[in-house]
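The values are calculated or read from the model by the stated rules, or taken from the named source; none is laboratory data. Computed from a predicted structure; not experimentally measured. Reconstructed Cβ throughout: ideal geometry from the backbone, glycine too, with neighbour counts over all protein chains shown. The area values use the complete protein model at the heavy-atom level, side chains included, leaving out ligands, DNA and RNA. Shrake-Rupley method; radii C 1.70, N 1.55, O 1.52, S 1.80 Å.
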Amino acid sequence: MAFDFDRDNLIAAAELVHRHMAPTAQFAWPLLCEALGTEVWLKHENHTQTGAFKIRGGITLIDWLKRSQPQTRGVVTATRGNHGQSQALAARRANLHCRVYVPQGNSVEKNAAMRAFGAELIEFGADFDTARVEAMRVAEAEQLFAVPPFHEQLVRGVASYALELFAGAPALDTVYVPIGCGSGICGLIAARDALGLSTEIVGVVSTGAPAAKRAFESGVLVQTESASTFADGMAVRVVVPEAFEIYRRGTARIVAVTDDEVADAVRLIYRTTHNVAEGAGAAPVAAALQERAQLNDKRIACILCGGNIDTNIFAQILQGETPVP
């Protein structure tokens, strides 16, 4: 499947996104640079209206849907939280109903945020991938638009954060970015390639949810039996084929980080920048710390993709513990 991610196309999508939200900042925090032993820029997607980068894709997908399928009554999707918030907010602005499926035991505070943005929230199944299958089934049965976790229009919008980063930070050698269903890393790759840059992109997964890393290294799409990590943005068992086709060609490598490493990175980010990072948002810093020895004299960036972490989990991490998923 060929997607249209040329420079003009991505710039047009970014202009649409920026009509609804301001660009987010990227900063090189001195204490974080000191801890990593190199120049590191944080892209602050935790500063969006929904606290995560996903809002960008919600804007572009719902805009496209209203123009291309004006008869649509509503949308159905599945999420662990950030994608659902983005769809709920964008759908409400467009006067569309939004039904969101989440797994049982999902983040209490992300669930509350989705409801506050207008979502009809339904808990179903033991994990994200089970909830996703049910969401797609219901969408077909009730003739609602099924918003998948990965879609060309989502990536076009998400790529706007990467255009901002590459324009706002000096020439970057390497960017670390988490992988869930793939829109974040694919948006980064699309922007880099459209701008003709040589920046190395490194994907990050959890050791408890390594499907993307296994597929990347074997060339074979695999499905893990579980996705056990408190970093719920990376808790995915099933690789999205369309996303894999993009990041298998555009990624230098994929690094797996443990929950202990992610918890350490959450604490480091808070101590050095006083920013709150959810698990997936801290994972790029965890990966950079893991590769610290090879970062000398390099200019890197880490995508702080979101800051939506439940209060009790954040408090537990700040007390020196690692949450049990």
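Between the residues M234, N312, V155, the greatest Cα displacement towards the positive end of the dipole of the chain, with unit charges on the Cβ of Lys, Arg, Asp and Glu, is found for V155.
Judged by the gyration tensor of its Cα atoms, with axes a ≥ b ≥ c, the stretch 52-136 is prolate; a/c meets the 1.5 cut and a/b is the larger of a/b and b/c. What a 1.4 Å probe finds exposed on the stretch 228-277 is 46% carbon and sulfur by accessible area, rounded to a whole percent.
Here the chain is treated with +1 on each Lys and Arg Cβ and -1 on each Asp and Glu Cβ, and its dipole about the Cα centre works out to around 660 debye. Here the stretch 121-206 is described by how far its Cα atoms reach on the three principal axes: 48, 28, 18 Å, from widest to narrowest.
Across R237, R248, R253, the residue with the most accessible area heads the list, and the full order at a 1.4 Å probe is R248, R253, R237. Remark: the stretch 231-325 is approximated by an ellipsoid whose semi-axes, taken from the C-alpha gyration tensor as √(5λ), come to 23, 18, 11 Å, largest first. Dividing the convex hull volume of the alpha carbon atoms of the stretch 174-270 by its residue count gives 91 Å³ per residue.
Per residue, the stretch 101-166 exposes 39 Å² of accessible surface when a 1.4 Å probe is rolled over the protein heavy atoms with every protein chain present.
The accessible-area ordering, largest first, of the residues L121, L36 stands as L121, L36, per a 1.4 angstrom probe. Counting only protein heavy atoms, what percent of the accessible surface of the stretch 1-132 is carbon or sulfur at a 1.4 Å probe? The C+S portion of the solvent-accessible surface of the stretch 1-132 is 53 percent. The fraction of Cα-Cα pairs per 20 angstrom bin, counted from 0 for the chain, comes to 35, 60, 4 percent, rounded to whole percents. Over the C-alpha atoms of the stretch 10-95, the Rg to Rh ratio, Rh being the Kirkwood estimate, stands at 1.11. If you count Lys pairs in the chain whose Cα atoms are under 29 Å apart, skipping same-chain pairs closer than 8 places in sequence, the total is 11. In this structure, the amide hydrogen of K298, modeled 1.01 Å from its nitrogen in the peptide plane, lies closer than 5 angstrom to those of E39, counting only residues at least 5 positions away or on a different chain. When only the Cβ of Lys, Arg, Asp and Glu is charged (+1, +1, -1, -1), the dipole of the stretch 171-325 relative to its Cα centre reaches about 320 debye. For the stretch 177-271, the solvent-accessible area with a 1.4 angstrom probe is 36 square angstrom per residue.
Taking amide H as placed 1.01 Å from N in the peptide plane, the amide H of G306 sits under 5 Å from that of N46, E278, G281, each at least 5 places away or on another chain. Among D4, D259, the sequence by solvent-accessible area, most first, with a 1.4 Å probe is D4, D259.
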